Each structure stands twice: as C-alpha cells, then as structure tokens.
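Structure first, then comments.
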Amino acid sequence: MEAQRIGRRTLFRTAGGLAAAAALPTLAACGSGTSRAASGGGKGGGKTVVVRNSGGSWGDACQKAIFTPFTAETGINVQVTNVEGTQMLAQFKQGRPQFDLIDIGMMDLAKFTALDALEKLDLDRIKSLKSAKIPEPQVTGHAVAYSLYANCMGYRTDAFGGRKPQSWADFWDTKAFKGSRSMCSADGDLPELEFALLADGIPMDKLYPLDVDRAFKVLSRLRSDIKKFWDSGPLPGVLLSRQEVTMSTVWDGRLAVLQKQGVPVARQLNGARRQFQGYGIAKGAAHVDAAYQLMDYSLRPEVQASLVKLFPSSPSSPVVYGKLTEEERNSLVGAPQYYDKGFDADIDWWIKNEAAVNKRWLEWARG
C-alpha cells in the first residue's frame, strides 16, 4: 500500500515551514507535477476539471474507479496533477491555481484553510453527502473527508510463544514480549506521542491535549529497545520480515501484502490512531462547478465501494461497508467492528504544536 503517496506525510512539517512556503516568490503555474487526462468515452463538450492527486497506485485506482466513469457519465474530462506543497502554495499566492479539486490529507486542508486558499463549500451542491452519511466531524466548512488510515501495532506472530500483544502497554513491555521495536520518525508521520500515553494508562478519550512531557518520559523508557525509526511505509514490514524487530508501529494496510506472502505478521488495532484524507476546492479555481460535480460523484457510496476493490483505503462513509464483502470489510481499519478500538488524531492540536513537538522529537531521537 503506497501510503506515503496519498498525503500521509503532511506537506510541511512545521507551521513556520508553511508560512515560509506561502511567502515564496511566484513560480511557474504548473510546477513539476505530471498530469494526464482521463480516458473513456464520455458525452463530449470539452469541459475539464483538474485534480491534485498524488499518483502511483492510488492515482491508478482513482482513474479506474472514479475519473473514467465520471467522464463517461458527465462528459467532463479529468486531468490529474501531482504538484506538491511549495508549488501549490506558490500558485495560491499567484491567485491562479492550476488545479481545481484537491485530494490530500485533512490536516493539510486545514492548513490551506488557514491560509485562505480554499473555497468555502456550499454543501447543498454535494448531494451525495446525505446518502453517504459521512460523520459530521469529517465535514468542515472547506473540506470533506472521504477516507481514513491508521497508525497501529504490527508484530510477528511467531515471536511470543503464541501470546498476542493486546495494548500499547504490551508494546512497551520488552520482558513479556521480547525483541526490538521500531517506531515512526517525524519524517514519516506525526510523532507517536499518543501511543506512549496510552501505554502509561491514559484513556483514549482523555488523550488531548497531549501531555508532551509525560509522553517523552514514557518514550525514553523504550528508547534503548528501538532499533530503527521508520520514515517510509514499507520499512516496518521489511524490519518485521527480516526479524530485526518483533513489533513495530505501522500504517494499517501495510501488513496485508506480507500476510499474503506467508510472513507471520499481524496487526493489533487497539489504540490505533486514525487520520483522514479529504477533498477541498482551490480558491480561484478555474472549474469550480466541475470540481463540485466530481466531488459529489466521488463520494457516492457505490463509487467508494468500487475504489475499495482496487485500493485498500477505508471510506469515511459508514454506508460503504454494507456494500463490501465480509473479507473486504475485515481488511479495513475503518470498518464498524474496529472503529471503537481506535481514536481520531486531533489535527487542531497537532497544527498548533507540531513544530515544537517535531523539534523536541528530533533532539530526543538523537539521544
């Protein structure tokens, strides 16, 4: 699962970096991103919508499940660009963004909102919101979350004599569950302070605002057992496969491929941290009406169900899970049977504190 390709790293690691990027001199309109037009019949008419999408296997899945059938139904051609952060911000500053619909993490969309870079949404124009029943917290004035992922625990099933770790306290217990650990670096995703606090007995519903001092104190208890900090999605699986570690934090979808290959690994979703992927419309976009139409089409439950069959992303719409097979549902961290096991990252807290936490994390990791 090419997690890093769908916005799982924030565009800018600090608020200062975001402000600095916004102040960059104006760049050429299209940056270095690639683009392509959707194939398919369609009804003609020459209309176009440009989507910012990170490409790779995620982009290929969106092309097949969303863009091509959307063109066939509406006659609106879809062009895709994978332009990245500083170029996006330069285009916003110029007032002529070369993309209409933005597909990226909700945390990044919140940052763009703070920069007045997104259109305020007219939710009445997104008819599928009602049929999809997307939870109210995942719909803001400027963005709609359509999918989610989670950081969770991955472990070798042959490492502990048949015992299965059940909690983050077990992750920290290297006597009962022997072996080295791996955790995410600040370059891979948000530092995993929440897991340290859960290991220390803080209930999931009492995590925020995070007690940063306490979290780092708990992290320090495990520091000597952390063999490597991972900064890319595949690395936890590599470390587990090579038996370099017996447990690692991991993006939830990463272990499925290893399991199919016969590697003895499993995930534990208790205390998993969820983050969301969403849509926003660029302020000053050239094709606002078409962007609304594509967003509305993309959020249809039947379209999201088609996407799941091509890429293991968890829809934010609870309706979609009823359209999947039991096997498909069981593989997705967003499925109803798993939802109460995890928690949503508080992106407002992280936006305010990310710079300070990242600085402290880097100092701590260097030892």
For this session: Please go through region 106-120 and pick out each residue that is part of a loop (DSSP other than H, G, I, E, B) and open to solvent by less than 20 Å² (accessible area, probe 1.4 Å).
Result: Ala117
Exercise. For region 269-340, list the helices (runs of 4 or more DSSP H) that sit wholly inside it and hold at least 1 residues that are open to solvent by less than 50 Å² (accessible area, probe 1.4 Å), in contact (Cβ under 8 Å) with a residue 12 or more places away in the chain and closer than 16 Å to Gln63 by Cα; which are they?
Worked result: 288-298, 301-308
For this session: Check off (1) farther than 16 Å from Gly278 by Cα; (2) in contact with a strand residue (DSSP E or B) (Cβ under 8 Å, 6 or more places away or on another chain); (3) of a type outside the set (D, E, K, R) for Val319 and give me the number that stays unchecked.
Result: (2)
For this session: Return only the number of the condition from (1) part of a loop (DSSP other than H, G, I, E, B); (2) under 30 Å from Tyr297 (Cα atoms); (3) touching a residue at least 60 places away in the same chain (Cβ under 8 Å) that Pro137 does not satisfy.
Result: (1)
Exercise. Among the residues of region 354-367, which ones are surrounded by 13 or more Cβ atoms within 10 Å (Cβ to Cβ) and either touching a strand residue (DSSP E or B) at 6+ places or on another chain (Cβ under 7 Å) or under 23 Å from Arg221 (Cα atoms) (or both)?
Worked result: Glu354, Val357, Asn358, Lys359, Arg360, Trp361, Leu362, Trp364, Ala365
Exercise. What about Ala176, is it farther than 18 Å from Gly342 by Cβ, modelled with pLDDT under 95, among the hydrophobic types (A, V, I, L, M, F, W, C) and touching a helix residue (DSSP H, G or I) at 6+ places or on another chain (Cβ under 9 Å)?
Worked result: no
Seminar exercise, completed: The residue that is modelled with the lowest pLDDT, considering only those in region 78-91 that are open to solvent by 30 Å² or more (accessible area, probe 1.4 Å) and out of contact with any helix residue (DSSP H, G or I) (no Cβ under 6 Å at 6 or more places or on another chain), is Glu84
Exercise. Here are Asp205, Asp187, Asp225: which of them is surrounded by fewer than 19 Cβ atoms within 10 Å (Cβ to Cβ), in contact (Cβ under 8 Å) with a residue 12 or more places away in the chain, out of contact with any strand residue (DSSP E or B) (no Cβ under 6 Å at 6 or more places or on another chain) and closer than 24 Å to Arg254 by Cβ?
Worked result: Asp187
Problem set entry | So Ser248, is it out of contact with any Phe, Trp or Tyr (no Cβ under 8 Å at 6 or more places or on another chain) and among the hydroxyl-bearing types (Ser, Thr, Tyr) | no
Exercise. Scanning region 155-170 for residues that are part of a loop (DSSP other than H, G, I, E, B) and touching a residue at least 24 places away in the same chain (Cβ under 8 Å), which turns out most open to solvent (accessible area, probe 1.4 Å)?
Worked result: Lys164
Exercise. Regarding Ala145, is this residue within 25 Å of Gln293 (Cα to Cα), out of contact with any Asp or Glu (no Cβ under 8 Å at 6 or more places or on another chain) and buried (at least 17 other Cβ atoms within 10 Å of the Cβ)?
Worked result: yes
Exercise. Among (1) modelled with pLDDT of 95 or more; (2) part of a helix (DSSP H, G or I); (3) under 20 Å from Ser167 (Cα atoms), where does Arg360 come up short?
Worked result: (3)
Exercise. Within region 58-105, restricting attention to residues that are of a type in the set (A, V, I, L, M, F, W, C) and in a loop (DSSP other than H, G, I, E, B), which residue is farthest from Lys47 (Cα to Cα)?
Worked result: Val83
Exercise. Does region 239-260 contain at least one residue that is within 30 Å of Ile126 (Cβ to Cβ), modelled with pLDDT of 95 or more and either surrounded by 19 or more Cβ atoms within 10 Å (Cβ to Cβ) or out of contact with any strand residue (DSSP E or B) (no Cβ under 7 Å at 6 or more places or on another chain) (or both)?
Worked result: no
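The values are calculated or read from the model by the stated rules, or taken from the named source; none is laboratory data. Being a predicted model, the structure only gives us computed values, none of them experimental. Positions of Cβ are backbone-derived with ideal geometry, glycine not excepted, and every protein chain shown enters the neighbour counts. Side chains included, ligands, DNA and RNA excluded: accessible areas come from the protein's heavy atoms. Shrake-Rupley method; radii C 1.70, N 1.55, O 1.52, S 1.80 Å.
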